[in-house]
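Peer 1: One structure, as structure tokens, below. Some questions next.
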Amino acid sequence: MMKKMIGMSRCDDALRASPAWTARLPGASRSRVWVAGVLLRLSVAGLGLGFGVAQAQNVAPPPLADTLSPTALPGGASMGHETASLQTPMACLIEPFMVSELGSPIAGVIDKISVQRGDTVKKGDVVATLNSKVDEATLNVRRGEAAYLARAVQRNSDMYQRKLLPASDYDEISSKSRQAALQVELQQAILGERSIRSPFDGVVAERYAGPGDRINDNKIVKLAQIDPLLVKVVVPEGLYGQVKMDAGADVTVNSAISDKPLRATVWRIDKVMDAASGTFVVLLKVDNKNNRIPAGIRCSVHF
């Protein structure tokens, strides 16, 4: 505190003495000199106050490395990653193994949606159908053209073999017949895109549209694959290397859902740490026959 008072006294002396030598300066220069002196005095006062508080509390400022430590917590506590153990149960979350929001590869108007929220679907099941009257009519036209040209090739084949039909004419008829057959296949593919099918076995998690809605880039339904289930657990970095691929673990959920631990297997281990928290993610797979365990629930895992 004595240093602070001495510093402030010197600043006061400088400010009081300033009119003697600043009288010869222009008015704007005198103002800037006076403002600089006031700021210097305030800086010295603040610096002295900071050192006084630190000395009174006898507390040293924390090292810079401690403030950046991913395990540092408010209040000077530590996450204790170095004392973490696989014997301690860890919090986890059960998620769907796969989630897909289905749309349509082509624009159109929904004619029918075959599923509701919560329904179970199999891979390849039709979940929605777009209006396809125009495409069906076009397919019938293409089939008629292909059938006519196929008969023309058959009629002219005998004449060509008997050298009564030039080869160029017969080749032209045959080429048109093949092109017509390809047009039929193309139209069948276009018609197939009017049916939206499930890409995997799962359940309907959400329904976004209904009959009559126009679809372009928007979503129709959301499907979730819950057999197997995915268990996500955040593990302290001190345990990296102790969790092994394909290792077993017991997953405990609410007793109302399952009164016995679920057997899980380590499926993926993150290769990139989260520097902010000093953790990494481990993913485990759990068999879920008949979809008896729902996704989206909290759990605990014991390796």
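The values are calculated or read from the model by the stated rules, or taken from the named source; none is laboratory data. Remember, predicted model here, so these are calculated numbers, not experimental data. Heads up, the Cβs are rebuilt from the backbone with ideal geometry, glycines too, and the neighbour counts pull from every protein chain shown. Calculation scope for accessible area: heavy atoms of the full protein, side chains included, ligands and nucleic acids excluded. Shrake-Rupley method; radii C 1.70, N 1.55, O 1.52, S 1.80 Å.
Peer 1: Pop out the carbon and sulfur fraction of the accessible area of segment 151-303 as a percent, whole number, probe 1.4 Å. All intermediate terms of the calculation are to be shown ahead of the outcome.
Peer 2: Details: 4370 of 9020 Å².
In segment 151-303, the share of accessible area belonging to carbon and sulfur is 48 percent.
Peer 1: With r defined as the distance between the Cβ atoms of N291 and K133 and R0 fixed at 41 Å, what FRET efficiency is calculated, to the nearest 0.05?
Peer 2: Working: r = 37 Å, r/R0 = 0.90.
Step by step, r from the Cβ atoms, then E = 0.65.
Peer 1: For A150 paired with S85, estimate the spin-label separation in nm (one decimal), with each label point 7 Å from Cα along the Cα-to-Cβ line.
Peer 2: For the pair A150/S85, the computed spacing is 7.6 nm.
Peer 1: In Å², and per residue, what accessible area does segment 162-303 have when probed at 1.4 Å with the other protein chains present? Mind dumping the intermediate values first?
Peer 2: On the way: 8150 Å² over 142 residues.
Using a 1.4 Å probe on heavy atoms only, each residue of segment 162-303 averages 57 Å².
Peer 1: Follow-up. Amide H of I220 versus every other amide H placed in the peptide plane: which residues, excluding those fewer than 5 positions away on the same chain, fall under 5 Å?
Peer 2: Close amide H contacts, sequence-distant or interchain: L102, G103.
Peer 1: Taking amide H positions as placed in the peptide plane 1.01 Å from N, state which residues far from C92 in sequence (5 or more) or on other chains have amide H under 5 Å from it.
Peer 2: Amide H neighbours of C92: C299, S300, V301.
Peer 1: Also: Given a 1.4 Å probe and the protein chains all in place, what does the accessible area of D213 round to, in Å² to the nearest 10?
Peer 2: Estimated to the nearest 10 Å², D213 gives 70 Å².
Peer 1: Can I ask one more? Just order 150-158, 183-191 by mean Cβ neighbour count inside 10 Å, highest at the front, would you?
Peer 2: Details: 150-158: 13.0, 183-191: 14.6.
Top to bottom by mean Cβ count within 10 Å: 183-191, 150-158.
Peer 1: Please work out the FRET efficiency for the pair M273 and E101, using the Cβ-Cβ distance as r and a Förster radius of 30 Å; give the result to the nearest 0.05.
Peer 2: Working: r = 30 Å, r/R0 = 1.01.
About 0.50, to the nearest 0.05.
Peer 1: Still on this structure, please answer the following. Enumerate the calculated ³J(HN,Hα) couplings along segment 265-274 in order (Karplus 6.51 cos²θ - 1.76 cosθ + 1.60, θ = phi - 60°), each rounded to whole Hz, writing x wherever the residue is Gly or Pro.
Peer 2: The phi angles translate into 10, 5, 10, 9, 10, 4, 9, 10, 7, 8 Hz.
Peer 1: With unit charges on the beta carbons (Lys and Arg positive, Asp and Glu negative) and the dipole taken about the Cα centre of segment 198-303, which residue among V281, G238, G210 sits farthest to the positive side?
Peer 2: G210
Peer 1: Turning to a different aspect of this structure: Can you give the extra length, in nm with one decimal, that the chain gains between D125 and R214 once fully stretched, where that is 0.36 nm per residue apart less the Cα-Cα distance? Spell out each step's value before the answer.
Peer 2: Working: separation 89, 0.36 × 89 = 32.04 nm, distance 2.14 nm.
Taking D125 through R214 to full extension adds about 29.9 nm, to one decimal.
Peer 1: Taking loop as defined by DSSP and a crowding limit of 13 other beta carbons within 10 Å, which trypsin sites (Lys or Arg not before Pro) in segment 196-303 fit? Before the final figure, lay out each step's value.
Peer 2: Working: sites: R197, R207, R214, K219, K222, K232, K244, R263, R268, K271, K285, K289, R292, R298; in loops: K219, K244, K271, R292.
Those that pass, being in a loop and sparsely packed, are K244, K271, R292.
Peer 1: Further question: Pairs to check: K112/K219; K244/K289; K122/K232; K112/K289; K219/K289; K244/K285. Give those whose C-alpha atoms are more than 20 Å from each other in this structure. Kindly include the intermediate steps, with their values, before the conclusion.
Peer 2: Numbers: K112/K219 15 Å; K244/K289 25 Å; K122/K232 25 Å; K112/K289 30 Å; K219/K289 28 Å; K244/K285 14 Å.
As for pairs spanning more than 20 Å Cα to Cα, those are K244/K289; K122/K232; K112/K289; K219/K289.
Peer 1: Using the Karplus curve 6.51 cos²θ - 1.76 cosθ + 1.60 with θ = phi - 60°, work out ³J(HN,Hα) for each residue of segment 203-217 in order, rounded to whole Hz, and write x for Gly and Pro.
Peer 2: 10, 7, 8, 7, 10, 9, 9, x, x, x, 6, 8, 10, 10, 9
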